[in-house]
Amino acid sequence: MDIFADFAARVAAALKTLYPEASDELIARAVVEPPRDPGHGDLSSNAAMVVAKPLGKNPREIAVALAAHFKEAADVESVEVAGPGFLNFRLDEPVWHRVLKSIDVLGNDFGKIDLGRGEKVNVEYVSANPTGPMHVGHTRGAVFGDALASLLAYTGYDVTREYYINDAGGQVDVLAQSAFLRYRQALGEVVEIPKGLYPGDYLIPVGEHLAEQYAGTLRWKPEAEWLPIVKDRVLSMMMDLVRTDLANLGVAHDVFFSERQLHGQGGDIDTTLDWLREKGLVYQGRLDRPKGATDQDWEDREQTLFRATQYGDDIDRPLVKSDGSYTYFAADIAYHRNKYLRGFKHMINVLGADHSGYVSRLKAAVKAVSDGEADIDVKICQLVRLLKNGEPFKMSKRSGDLVLLSDLVGEVGVDATRFMLLYRRNDAAMDFDFALVKEQTRDNPVFYVQYAHARTCSVLRMAESELPALDFSREELSIAPLELLVSPADLELIKVLAQWPRTVAAAALAHEPHRIAFYLYELAGAFHSFWAKGKEDKTLRFVNPEDLKLTVARLALVGAVRQVLVNGLTVLGVSAPDELS
RNA sequence: GACCCCGUAGCUCAGCAGGAUAGAGCGCAGGAUUCCUAAUCCUGAGGCCAUGAGUUCGAAUCUCAUCGGGGUCACCA
């Protein structure tokens, strides 16, 4: 039950009745939201002001008419016209009790708005090159994509979480060459890793495996023969590494899509480019020399280009490299056509900041390969600066200057890592301070929220031991006398709970999981605040032996808080511990 | 040179499909603990929402310039 959506629909209906000439588009612009100032009531709508001008009427006049329409509503205590034409509703108390009741009835489903109606969405995230273990640079995108996917699944989309394995380019040849050296090393040779190859220790086990499996048989073969063998082996081992790292972060994908399967004669790239060619979107042409950039290697040549400008990109984009092989982008076009043909009309890609220049061509590609049927939202995750007590932080051992994801998770834990990364907008650069994240104080939002959850559990435990005569089972709480919850403190807390569905909807529509994290922080604060009130005023304590009925009702409220905290933390993939140790 | 993101309290950041007097945490100044976990709570000070114009009933939010910070810029992935 979302009272905001509920009233928005009722206001819209009222507008339609009063002003049949108003278009649906116009009416849709009216919103119902919680006013910033509690003095303005429980709900507030701008409907009259939005509609006034196009209808050629005075906004206050419309507001008065709307207000009259709601005067008789059973659940509206009062409705006022304020300021330039705001409509301020104050709701009857039983409304809030019904909200609370619905949380109890719906449980995990409270807040589960069906925005997606089962539509398929493909969320592609991480997609790191399989050339080594994951490092912190990948972490933000991994957590963001995972939480966004959960959020969309929670709001009724049929979500596929996908990882695109960039296993077709020159980098993987270099990787295989590096692994081959480790293989020789495992055979007893003393090797030196030349510049340009991957020096990481993580390839040593790969070499050992190769030595075990093939003994010396690969050693003197020509590269053309051993390369495919080593490549397959190292790629599969690197992907195991990646999967393990991701699993430790609580991230899982449904589909691992290999770029290699797109290549080859008659493969997806060929067929896609043929298809585009027929549409006149591929041509031979020349590009202007780019300005500003380092262009000493620039070679003015005729090349195969995709007409990206037709879909809003700045320039047309090359599809074939000078050595005749396909560009990364060519494969990506084919990949996105593949997604479209698999039934995805909505796609989301989570990319790092260094790919921001790639966005417009990707959008152009999706439009082109789907004949404008599909849409793609590209979410850019900005850089994360690692700090410790304000100082830049390094702690790498295995791979040069990079801090590994596994180091990060090992140091601060999955919950803190995930929550902190989700507690910022994705498109703003952020600092991640180890010292702060490990602290268990209010400075640290993870613990603040988890502590609130632990407290709800502690209250329930407490009640059971203090008042053994009472039954606090879920069944019993579901028939609790909620009408006893009439203090301002009770109602205030319920009103925060009532905003959960609205928050979910807004976060899902905007593809912004951080809104969930902020909401949880707010709810935790409201709960902690209520808790403290019990110190001064015993009638506000959750467990009150002098009023058993009220105690049962309060525990139902505590149960609802716990439920919503769980729902939110679940979306973010952060645990909700029963107690903090 | 072009494009993208960001500029909100001393610090870190919310708020942005336009809405009423701009929020939170930290830090700072005070206060609360024989009492459900003080891992918490309460009160206070602190602002030209980078700057300038525009759009309109109304702009932190939309548009355009300017300044400042970050990122990207044929064939890499």
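Coordinate-derived values only; no laboratory data. Everything numeric in this text was worked out from a predicted model, so none of it was measured. As a convention, Cβ positions derive from the backbone with ideal geometry for all residues, glycine included, and neighbour counts pool all protein chains shown.
Run the numbers on region A:154-292 and let me know its relative contact order in percent, using alpha-carbon pairs under 8 Å that are six or more apart. Relative contact order comes out at 33 percent.
The spacing between region A:289-361 and region A:196-262, judged by their C-alpha centroids, is 27 Å. Site pair A:Glu439 and A:Ile479 shows an inter-label distance of 4.9 nm when each label is modelled 7 Å from Cα along Cα→Cβ. For the pair A:Gln284 and A:Glu61, label points projected 7 Å from Cα toward Cβ lie 7.0 nm apart. Look at A:Trp298, A:Trp220 and count the other Cβ atoms within 10 Å of each Cβ; fewest to most, that gives A:Trp220, A:Trp298.
Run through region A:22-95 and list the GluC sites (Glu not before Pro) located in a DSSP loop whose Cβ has at most 12 other Cβ atoms within 10 Å. Answer in residue order: A:Glu72. Taking every C-alpha pair closer than 8 Å and separated by at least 6 residues, the mean separation divided by the residue count of chain A gives a relative contact order of 15 percent.
Each part reduced to its alpha carbon centroid, region A:526-581 and region A:1-54 end up 33 Å apart. Out of region A:172-225, which GluC sites (Glu not before Pro) are coil in DSSP terms and have no more than 11 other C-beta atoms within 10 Å? Passing both the DSSP loop test and the Cβ count: A:Glu189, A:Glu192. Remark: region A:1-62 is approximated by an ellipsoid whose semi-axes, taken from the C-alpha gyration tensor as √(5λ), come to 21, 14, 8 Å, largest first.
Of the trypsin sites (Lys or Arg not before Pro) found in region A:303-391, those that fall in a DSSP loop while having at most 13 other beta-carbon atoms within 10 Å are A:Arg342. In terms of the Cα gyration tensor, with a ≥ b ≥ c the square roots of its eigenvalues, is region A:442-572 rounded because a/c is under 1.5, prolate because a/b exceeds b/c, or oblate? Prolate is the answer for region A:442-572, as a/c is 1.5 or above and a/b outweighs b/c.
Remark: spin-label model distance A:Val190-A:Leu580 equals 5.5 nm, labels positioned 7 Å along the Cα→Cβ axis. In this structure, the amide hydrogen of A:Val159, modeled 1.01 Å from its nitrogen in the peptide plane, lies closer than 5 angstrom to those of A:Val121, counting only residues at least 5 positions away or on a different chain.
Label point of A:Val174 set 7 angstrom out along Cα-Cβ; within region A:346-378, amide nitrogens under 18 Å from it belong to A:354-355.
For region A:486-503, putting each phi into the Karplus relation 6.51 cos²θ - 1.76 cosθ + 1.60 with θ = phi - 60° gives couplings of 10, 6, x, 5, 4, 5, 4, 5, 4, 5, 5, 4, 5, 8, 4, x, 5, 5 Hz, in residue order, rounded to whole numbers and with x for Gly and Pro. Is the shape of chain A rounded, prolate or oblate, going by the alpha carbon gyration tensor and its root eigenvalues a ≥ b ≥ c, with a/c under 1.5 for rounded and a/b larger than b/c for prolate? Because a/c hits 1.5 or more and a/b fails to exceed b/c, chain A counts as oblate. Each Lys and Arg contributes +1 and each Asp and Glu -1, all at the Cβ; summed about the Cα centre of region A:172-237, the dipole is approximately 60 debye.
Across region A:100-114, computed HN-Hα scalar couplings (Karplus, 6.51 cos²θ - 1.76 cosθ + 1.60, θ = phi - 60°) run 4, 4, 5, 5, 5, 5, 7, x, 4, 8, 5, x, 7, 7, 8 Hz from first to last residue, x flagging Gly and Pro.
A cut-off under 13 angstrom between Cβ atoms defines the neighbours of A:Ala428, and their net charge, with Lys, Arg +1 and Asp, Glu -1, is +2. Need the C-alpha centroid separation for region A:416-442 versus region A:158-176, integer Å. If we compute the Cα centre of each part, the gap is 29 Å.
Taking a point 7 Å from the Cα of A:Glu536 along the Cα-to-Cβ direction, the residues of region A:488-508 with backbone N closer than 15 Å to it are A:488-490.
Would you mind classifying region A:1-146 by shape? Square roots of the alpha carbon gyration tensor eigenvalues, ordered a ≥ b ≥ c; an a/c under 1.5 is rounded, otherwise it is prolate if a/b is larger than b/c and oblate if not. Prolate, because a/c is 1.5 or more and a/b exceeds b/c.
As a proxy for reagent exposure, A:Thr309, A:Thr417 were ordered by neighbouring Cβ count within 10 angstrom, fewest first; the result is A:Thr309, A:Thr417. For chain A, a simple Cβ point-charge model (Lys and Arg +1, Asp and Glu -1, everything else neutral) yields a dipole of about 500 debye relative to the Cα centre.
Distant-in-sequence amide contacts of A:Leu351, defined by a placed amide H-H separation under 5 Å and a gap of 5 or more residues or a different chain, comprise A:Lys379, A:Ile380, A:Cys381. Listed from fewest to most Cβ neighbours within 10 Å, the set A:Cys457, A:Cys381 follows the order A:Cys457, A:Cys381.
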